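**Student:** Provided herewith is a single structure, encoded as structure tokens, for subsequent inquiry.
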Amino acid sequence: MLDNYYGVIGFMLIAAGFSWLVDHSPLARHTLSRRMDVHRKQWMMYMAARSVRIMDSQIIAGLQNGIAFFASTALLGIGAAFTLITALAPVMAAVSDVPFLDTSSRIQWEVMTLGLLVIYAYAFFKFGWAYRLVNYSAMLLGATPDVARDNDASAEALRGAYRAGAMNIVAGRQFNRGLRALFLSIGYLAWIAGPMAQIAGTLLVAGLLVSRQFFSPALAALAEGEDAMDGVEIPKPDDRPDGN
């Protein structure tokens, strides 16, 4: 009976291997996510030196809205998985004539659908926790002492900014794991075509995610932006064409 589920075993191994690669391996520090962690921290440190922080609060609100959208998407996935479990008979009958789809075992479909439900529940849990952590980050931002205009940030303001940045990084990592679960669920869905299709689909999705983390244009843009400023002199306000 285990032979019918080696696709699920392969999925779990691939998902675990990908998570280890981008989160815990020695190569993890070269990923796009880790590079953005640095910028999250820099953002909060610059925030500590600003006397007006409306822009920072708006960015936090934008992050919250994005997380809430994906949390709603995961919740819809949970509802769809429940619906599929309760309506397996008509679904299996509807796709029974489709080539390459295995509809011979209702138990197998039930087990696979439960697995899909677990994936979406995991994603929802991660998004929900990320949303709460972003709320904490907003509170820490608000608790950072103000800085008078033209004055340097105090040591207490810098400590508050560091705490807010660290919390924001943790929130980002939780969000990334929820998003990863949604992406990998696409490969998991290939089980309707058989275990080999499930493994192949999961490998394809994981390969795309690895490419985005290590070889994407976004990562190259970060590197180019850092290299492009070498030797560039930033103009002073008096040097601007309008004189303002």
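The values are calculated or read from the model by the stated rules, or taken from the named source; none is laboratory data. These numbers come from a predicted model, not from an experiment. So basically every Cβ, Gly included, is an ideal-geometry build from the backbone, and we count neighbours across all protein chains shown. The area values use the complete protein model at the heavy-atom level, side chains included, leaving out ligands, DNA and RNA. Shrake-Rupley method; radii C 1.70, N 1.55, O 1.52, S 1.80 Å.
**Student:** Among the residues of the range 4-27 satisfying the criterion of being small (Gly, Ala, Ser) and out of contact with any helix residue (DSSP H, G or I) (no Cβ under 6 Å at 6 or more places or on another chain), which is most open to solvent (accessible area, probe 1.4 Å)? Steps first, answer last, please.
**Tutor:** Quick first cut of the range 4-27, residues small (Gly, Ala, Ser) only: 7, 10, 15-17, 19, 25.
Now narrow it down to the ones that are out of contact with any helix residue (DSSP H, G or I) (no Cβ under 6 Å at 6 or more places or on another chain): 16-17, 19, 25.
Values: ALA16: 61, GLY17: 35, SER19: 36, SER25: 10 Å².
The residue in question is ALA16.
**Student:** Kindly provide the set of residues from the range 190-227 that are closer than 18 Å to GLN108 by Cβ and either in contact with a helix residue (DSSP H, G or I) (Cβ under 6 Å, 6 or more places away or on another chain) or surrounded by 17 or more Cβ atoms within 10 Å (Cβ to Cβ) (or both), ordered by number.
**Tutor:** Listed by number, the residues that qualify are ALA190, TRP191, ILE192, ALA193, PRO195, ALA197, GLN198, ILE199, GLY201, THR202.
**Student:** Moving to a separate point now. I'm trying to understand the selection: among the residues of the range 28-37, which are surrounded by 13 or more Cβ atoms within 10 Å (Cβ to Cβ) and without any contact (Cβ under 8 Å) to a residue 60 or more places away in the chain?
**Tutor:** Across the range 28-37, the qualifying residues are ALA28, ARG34.
**Student:** Continuing with this model, one more query. Among the residues of the range 120-167, count how many are open to solvent by 20 Å² or more (accessible area, probe 1.4 Å) and part of a helix (DSSP H, G or I).
**Tutor:** Total satisfying the criteria: 25.
**Student:** Which one of these is part of a loop (DSSP other than H, G, I, E, B) and out of contact with any Phe, Trp or Tyr (no Cβ under 6 Å at 6 or more places or on another chain): VAL38, VAL52?
**Tutor:** Values: VAL38 fails: part of a loop (DSSP other than H, G, I, E, B).
Answer to the selection: VAL52.
**Student:** A follow-up question, please. Can you run down the residue pairs with Cβ atoms below 7 Å, 6 or more apart or on separate chains, where the first is in the range 186-203 and farther than 22 Å from ALA123 by Cβ and the partner is among the acidic types (Asp, Glu)?
**Tutor:** GLY194/ASP102
Per-residue answers, yes or no, for (1) of a type in the set (Lys, Arg); (2) touching a Leu at 6+ places or on another chain (Cβ under 6 Å):
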site: ASP146; (1), (2): no, no
site: ARG149; (1), (2): yes, no
site: ALA153; (1), (2): no, no
site: GLU156; (1), (2): no, no
site: TYR162; (1), (2): no, no
site: ALA166; (1), (2): no, no
site: ALA171; (1), (2): no, yes
site: PHE175; (1), (2): no, no
site: GLY178; (1), (2): no, no
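**Student:** So PHE175 ticks every box in (1) modelled with pLDDT under 95; (2) under 23 Å from ILE78 (Cβ atoms); (3) not aliphatic (A, V, I, L, M) but one. Which box is left unticked?
**Tutor:** (1)
**Student:** Is it the case that the range 173-187 has a residue that's farther than 19 Å from SER19 by Cβ, of a type in the set (D, E, K, R) and open to solvent by 50 Å² or more (accessible area, probe 1.4 Å)? Before the answer, list the steps.
**Tutor:** Initially, the range 173-187 is screened for residues farther than 19 Å from SER19 by Cβ, giving none.
No, that holds for no residue.
**Student:** Now for a different question. Of the numbered conditions (1) open to solvent by 40 Å² or more (accessible area, probe 1.4 Å); (2) in a helix (DSSP H, G or I); (3) over 25 Å from ALA206 (Cα atoms), MET47 fails exactly one; give the number of that condition.
**Tutor:** Here MET47 meets the rest and fails (1).
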